[in-house]
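Every read-out reported here was derived from the displayed coordinates using simple, explicitly stated rules and does not represent laboratory data. As the structure is a computational prediction, the values presented were derived from the model and not from experiment.
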């Protein structure tokens with residue numbers, strides 16, 4: 001079956017999900033009018049088995065290959081580590097390499113608060129919310145038994161139910177009684193485990209509260225699963241006291257102004273999300289948790305802190321939720337994710353979270369240093385020039401030649417790249 005491109009085409013395609021990836025691709029090509037080159041490109045799934053791709057998400061027609069780079073120079077808790085990072089943005093990997101190179105002798109020091117995740121069970125239409133809260137808390141032993149029965153394997157590995165909290169939330173439709181199930185998920189991210197527990201407990205909580213239960217799902221504000229990293233850069237190694245003070249001023253700007261903090265934290269997540277993606281973890285969950293944590297005081301602010309220590313050097317730290325795992329989902333079945341985890345050499349989710357936090361701090365250091373000195377565009381655009389050269393049509397050795405000329409002329413733009421490419425090809 002094919003669908004011809006045109007005004008009468010319809011997106012209602014019966015049985016689309018039952019087709020093979022290639023059959024779906026042919027239908028999409030007809031619908032959208034894709035040319036042969038585009039179809040051939042989408043049909044090539046690279047190093048991902050089409051059968052696996054078809055199981056990871058629905059209605060697969062192709063894959064989106066993201067470059068995987070490796071950040072060097074990282075020393076974390078006294079151990080040298082190579083960091084695989086998956087991203088399409090220029091200068092992200094280089095930023096981590098440069099930051100780590102400047103404090104390689106001491107490196108980064110990290111810690112975590114644990115592996116605790118939260119599942120929320122929402123009860124509404126409760127006649128006596130305060131009384132319901134106490135009644136639910138009285139059932140702690142029953143709650144523990146029910147939660148642990150949901151995942152005996154997790155319990156055998158040392159995880160499982162840890163505690164219960166009940167919060168009363170005032171809303172326009174009345175007071176909600178929200179039960180938090182606090183669960184140690186060990187080396188799993190834990191979404192499936194805690195969601196299963198919340199579903200299991202929902203009928204009992206409805207009975208104990210006397211209300212009706214609606215939502216029962218994990219929270220991505222994993223503030224019981226914090227990762228922390230700290231590092232010191234000698235003022236002499238980063239350009240002197242003027243650079244140090246400029247970086248602190250940049251941090252203080254982000255700490256005081258949410259408009260600046262949004263971009264400041266986005267830079268941090270450039271590094272963090274790249275490692276999260278490379279290891280097959282959930283970038284959206286980590287992003288949501290990080291930004292929610294940045295607003296925990298009621299005002300959105302910086303995820304990092306910069307200070308001058310007693311020796312006059314730059315002391316920096318970061319703290320944020322990092323719900324990542326080594327088992328389940330893409331971390332277990334995606335071959336690239338498995339290879340990246342092997343490069344990292346991690347054997348626990350805690351270690352992975354600690355490494356990721358250090359990467360976020362390194363990324364932020366490089367961004368603030370660039371902002372306090374040459375400006376963010378100089379280094380970024382030097383790397384971005386290669387992308388512009390390719391967009392202009394450069395191929396092979398032409399890419400580096402065109403990129404170099406764009407940087408030399410301090411004009412990394414498409415129109416300039418097209419003219420430079422003509423010059424290069426003209427001789």
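Numbers below:
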quantity: Relative contact order %, the chain, counting alpha carbon pairs below 8 Å whose residues are six or more apart; calculated: 16 percent
quantity: Whole-number percent relative contact order across the stretch 378-426, with pairs defined as alpha carbons under 8 Å at least 6 apart; calculated: 41 percent
quantity: Cα-based equivalent ellipsoid, the stretch 1-133: semi-axes from gyration tensor eigenvalues, Å; calculated: 42, 33, 13
quantity: Most mobile of 350, 105, 398 in a GNM of the chain (Cα contacts under 10 Å); calculated: 398
quantity: Computed [θ] at 222 nm, helices only, for the chain once each DSSP H run of length n ≥ 4 contributes -39500 (n - 2.57); calculated: -15500 deg cm²/dmol
quantity: Of 254, 337, 206, the one that fluctuates the most in a GNM where the chain has Cα springs shorter than 10 Å; calculated: 206
quantity: Within a Gaussian network of the chain (alpha carbon springs, distance under 10 Å), most fluctuating of 82, 344, 137; calculated: 137
quantity: Antiparallel bridges, percent of DSSP beta bridges restricted to the chain (to nearest 5); calculated: 95 percent
quantity: Spatial extent of the stretch 116-218: Rg and Dmax, with the Cα atoms as the point set, Å; calculated: 13.2, 43
